[in-house]
1. Just from its helices, what would the mean residue ellipticity at 222 nm be for the chain, if runs of 4 or more DSSP H residues each count -39500 (n - 2.57) and the sum is divided by every residue, rounded to the nearest 500 deg cm²/dmol?
2. How high is the relative contact order of the chain, in percent, with contacts defined as C-alpha pairs under 8 Å that are six or more residues apart?
3. Report the rotationally averaged projected area of the chain based on its alpha-carbon convex hull, in square nanometres.
4. Nearest 10 degrees is fine. How inclined is helix 305-332 to the longest principal axis of the chain, computing both from alpha carbons?
5. Could you give the nm distance between label points at residue 187 and residue 417, where each point is 7 Å from its Cα heading toward the beta carbon?
6. Just grab the label-to-label distance for residue 132 and residue 84, each label 7 Å out from Cα along the Cβ direction, in nm (one decimal).
7. How many times 2.2 N^0.38 Å is the alpha carbon radius of gyration of the range 202-303?
8. For the range 117-237, what is the accessible area per residue in Å², given a 1.4 Å probe and the full set of protein chains?
Amino acid sequence: MGNMVLPGAVLLGVVIFVHELGHFLMAKWRGVRVLRFALGFGPKLWGFTRGETEYCLCWIPLGGYVQMAGDHPDEGGGMPGGRDEFLSHPWFGRVLIAVAGPAANLVTAFLLLVIVGLIGVTYPDYPNRLGATPDTSVAARRGLREGDAIVSVAGKPTGSWVEIFVRNSDTKAGTPVEVVARGAEGTVTIPLTAEQREPFFSSLRRPSDPPVVGAVATGMPAYKAGIKEGDRILSVGGAPITSWDELPLAFKGQVDRPVRIRIVRDGQTRDLTVTPMDPEGRGRENGRIGIEPPRRSIYTERHGLLESVDLGFHATGSLVQSVYAGMWLTVSRPLYYREYVGGPLFIAQAARQQARRGLDSYLQFIAMINVAIMAFNLLPLPVLDGGHILLALLEAVRHQAISARAYLRFQKVGLVVLGTLLVIILANDPLRLVQRHRALDQRPASPERSAPATP
């Protein structure tokens with residue numbers, strides 16, 4: 001349990017602290033009094049006061065807040081009147097304070113991705129041997145066969161599969177290269193012109209993995225169906241599966257359709273039912289269940305500072321695009337995608353999973369959560385930062401602040417909407433766990449129906 005709590009606690013702590021720090025620093029800079037800087041909600045667990053601000057940790061670690069002077073109408077229904085109070089502050093100042101929290105999350109995501117480039121991005125790697133090489137392929141026509149090892153490209157040794165393509169990409173485009181391969185019949189040298197390089201390297205195929213599950217993504221269909229790490233898949237929909245490369249084709253066109261999977265676990269055959277989903281909203285052909293093969297080895301690619309900054313910039317843009325695309329799918333198809341939305345428990349499980357993969361994966365996940373928090377808080381809903389921005393912009397257009405009564409109504413609507421969202425999100429976590437445990441408790445198939453395990 002501790003292994004799951006620590007990565008999740010660190011992640012949530014970083015994301016919440018950065019977000020609230022953005023609001024805090026901007027409010028201080030704009031001259032708005034900050035009464036409390038809190039991490040968590042509910043009763044105070046620990047804290048101290050310095051100057052006009054109380055800093056504290058609270059019992060419920062589901063967020064945080066910066067309480068500013070004059071951030072709500074007074075008891076008589078009147079609006080605050082001092083310039084050091086939030087609601088009476090000029091509209092552009094309120095926009096800056098509201099934007100500062102999400103902006104801090106975005107900057108943090110960028111910095112984390114730059115760090116990932118510096119410490120190294122890891123990729124699954126494999127031996128430098130060829131897999132299936134059809135006689136009609138470019139590689140076969142140049143004398144290569146299945147099982148041959150490519151030992152050098154452009155005069156540089158290649159000890160793994162990824163290195164084959166790294167050595168090719170390191171060689172200046174538009175120039176010839178020489179490939180050396182070793183097989184049962186000895187060593188063969190293959191000269192490639194600039195025009196031959198792309199067709200040749202595109203024709204190379206690595207040996208396929210056996211259909212053994214290496215990891216199960218939290219919350220995905222395989223997770224809910226009870227598939228575990230180490231399970232060997234024997235068949236999908238009655239069709240035998242002998243290699244990992246056959247699985248994408250087996251789930252193609254099966255989105256939202258229950259599919260029977262036969263697996264072997266601890267020497268026992270089990271029949272499970274999984275319903276592939278379309279996580280990217282691309283159509284019925286894009287069936288995914290959320291599993292990946294075991295990582296035999298990894299290749300680490302490190303970058304210099306300037307290159308890491310460039311990669312961080314583009315990676316942050318891709319994350320923003322991906323998060324907003326996911327939010328649109330959740331809004332456009334709420335009944336379908338809402339069950340894939342998770343709360344703190346879901347984030348803790350996913351954080352542990354990414355931490356097990358490596359520091360780069362964990363930091364990338366923290367960056368993704370930062371972007372998700374940014375996008376969520378910018379929604380134009382009351383109570384959220386986007387709601388404050390909307391009210392400030394309305395004031396700028398109308399040249400008049402809204403009344404205290406209108407403000408209170410706006411906030412009440414926001415509390416209802418946000419409360420409903422929180423109930424859905426928080427309810428998904430235990431429901432998902434219950435579904436997972438029920439699937440794991442499913443009995444093995446009877447001996448009469450069991451298929452023999454493939455070696």
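1. Numbers: 13 runs with 207 residues, N = 455.
That calculation yields -15000 deg cm²/dmol at 222 nm.
2. Result for the chain is 18 percent.
3. So the Cα hull casts an average projection of 27.7 nm².
4. 80 degrees
5. Simple spin-label model gives 6.9 nm for this pair.
6. Calculated label separation equals 7.4 nm.
7. On the way: Rg = 14.2 Å, N = 102, 2.2 N^0.38 = 12.8 Å.
This ratio for the range 202-303 stands at 1.12.
8. Counting only protein heavy atoms, the per-residue value for the range 117-237 is 46 Å².
The values are calculated or read from the model by the stated rules, or taken from the named source; none is laboratory data. Since this is a predicted model, take the numbers as computed values, not measurements. Cβ coordinates were reconstructed from backbone atoms using ideal geometry, including for glycine residues, and neighbour counts include every protein chain displayed. When the accessible area is computed, the model is the full protein with side chains, heavy atoms only, and any ligands, DNA or RNA have been set aside. Shrake-Rupley method; radii C 1.70, N 1.55, O 1.52, S 1.80 Å.
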